[in-house]
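Written out below as structure tokens is the structure these notes cover.
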Amino acid sequence: MAVGYQDSLATILAATGHNPETTGFSETNLRYNYAVDSKRARDISAAAAVRLAAQTAWVPQESDQNPEPIMVAPPADWDADTAAAILGTVAELVTGAAARPMAFGAYLTAPDNVAPAAAPEKHSDPTAFTDAEVLQVTQQSEFINDLTALMVPDSSIALTRYGFTLPLRRDLLQALSLNERRAMTRYSDAAEATSQRLAGSRAALSELRSSVDLIPPGNVYTRTSPSSPLLIVARNGLPLPVETTIDFSGPEGARLNVPGALRIPARGSVTVQMTADLPETSRSTDLKLYLASTSGQPISQPVDIAVRTTRFAVNGWLAAAALVLAGLLVVIAVRGARGSPPSERKRKPAQPRSKRSDRRTT
């Protein structure tokens with residue numbers, strides 16, 4: 001069943017006050033800028049509409065038929081003058097026995113014979129949010145859920161993950177407020193406020209998500225052997241620890257051996273050591289590393305690194321020994337060439353003895 005109320009009466013009541021509203025269930029051909037009428041005139045029209053609805057639903061006491069109940073649905077931001085005009089009319093009707101009060105619970109009570117609810121008449125709702133606005137709220141809500149699931153509770157931290165993301169959820173609820181959008185004079189300002197709030201919420205989410213990322217020591221790794229480890233730093237700027245994994249994308253045949261689960265402390269970082277099995281057909285392999293949630297959803301921007309394996313890594317020690325031996329042979333050959341006398345060199349003739357020496361000998 002459906003418990004309804006008079007849409008025409010609700011439309012006239014909504015058009016009162018300083019900021020008259022346009023309801024989404026009003027007749028399209030009867031809509032206009034209600035602000036062109038004075039506030040006093042709109043309040044008098046609303047009071048007259050309440051009196052007319054009571055007279056229409058009134059049934060003589062001799063009849064067995066119960067009168068149809070009427071619900072007076074005032075606008076959310078009506079002022080004291082409008083309330084005095086409408087409630088004054090209701091008081092006159094009750095005092096003059098033209099109507100009697102009824103509890104809201106009794107109004108919602110199902111009658112004895114309930115007829116099937118008819119499909120409501122569809123009208124274009126000028127206060128409805130656009131598809132782009134709904135899409136933004138949906139995406140940001142999913143991002144908030146992913147951010148909440150990424151963090152893990154810590155007994156030493158009083159803040160909870162749901163308490164941390166609560167302001168972001170409140171921003172979405174405030175962005176979906178209809179209080180200002182129902183008034184034609186305030187619709188543009190309300191739509192602009194919604195756009196600014198969603199933009200601010202998106203910027204805050206982007207900043208929070210970018211605070212959990214990878215920081216490589218360098219974009220190019222040169223390995224001396226296939227078993228040489230690769231080092232990368234995982235940073236967490238959130239006030240709670242996060243649990244994540246390191247995932248990658250690369251050419252076919254490349255495999256990265258990383259820890260299964262990685263816990264990054266709050267406002268801290270950890271250094272991760274990993275090894276890579278890369279194709280041997282290429283000396284350089286390009287990889288994209290990123291942090292992912294436990295369900296595999298990427299949560300950080302990818303980091304590009306190039307892993308290079310030198311040819312010296314295969315027989316490094318043998319090649320070094322061969323170079324040292326070759327250097328020694330060269331040194332020995334050079335020294336031998338300097339120490340040996342040349343074959344073309346002739347001996348000098350012996351010097352003759354002087355006559356003085358012969359005489360002394362004699």
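Per-residue counts of other Cβ atoms within 10 Å, averaged by peptide: what ranking do you get for 105-111, 235-241, highest first?
Per-residue Cβ counts within 10 Å, averaged per peptide and sorted highest first, yield 235-241, 105-111.
Rounded to the nearest 0.05, what FRET efficiency do Asn179 and Ala41 give with R0 = 22 Å and r taken as the Cβ-Cβ distance? Could you check?
Plugging the Cβ-Cβ distance into 1/(1 + (r/R0)^6) gives 0.40.
Can you list the HN-Hα couplings for region 245-255, worked out from phi with the Karplus curve (6.51, -1.76, 1.60; θ = phi - 60°), rounded to whole Hz and with x for Gly and Pro?
Residue by residue, region 245-255 yields 10, 9, 10, 8, 9, x, x, 5, x, 7, 9 Hz.
Work out the FRET efficiency for Ala191 and Asn145 from their Cβ-Cβ distance, taking R0 = 41 Å, and round it to the nearest 0.05.
For Ala191 and Asn145, the calculated efficiency is 0.95.
Going toward the positive end of the dipole of region 7-107, with +1 on Lys and Arg Cβ and -1 on Asp and Glu Cβ, which of Ile70, Val90, Tyr32 do you reach last?
Tyr32
What shape does region 1-57 take by its C-alpha gyration tensor, where a ≥ b ≥ c are the square roots of the eigenvalues and a/c under 1.5 counts as rounded, a/b above b/c as prolate, and the rest as oblate?
Taking the square roots of the gyration eigenvalues as a ≥ b ≥ c, region 1-57 is oblate.
Which Cα, out of Leu208, Gln174, Gly218, lies furthest along the positive dipole direction of region 165-222 (beta carbon charges, K/R +1, D/E -1)?
Sorting the options by dipole projection puts first Gln174.
Based on Cβ point charges of +1 for Lys and Arg and -1 for Asp and Glu, what charge dipole magnitude is obtained for region 131-210 about its Cα centre, in debye rounded to the nearest 20?
Around 180 debye, computed over region 131-210.
Say R0 is 25 Å: what FRET efficiency, to the nearest 0.05, do Phe104 and Ala80 get from their beta-carbon distance?
Efficiency computed from Cβ-Cβ geometry: 0.65.
Read-outs: derived from the displayed coordinates by stated rules, not from any lab. Remember, it's a predicted structure, so these values are computed and weren't measured experimentally. Here the Cβ is made from the backbone with ideal geometry for all residues, glycine too, and neighbour counts use every protein chain on show.
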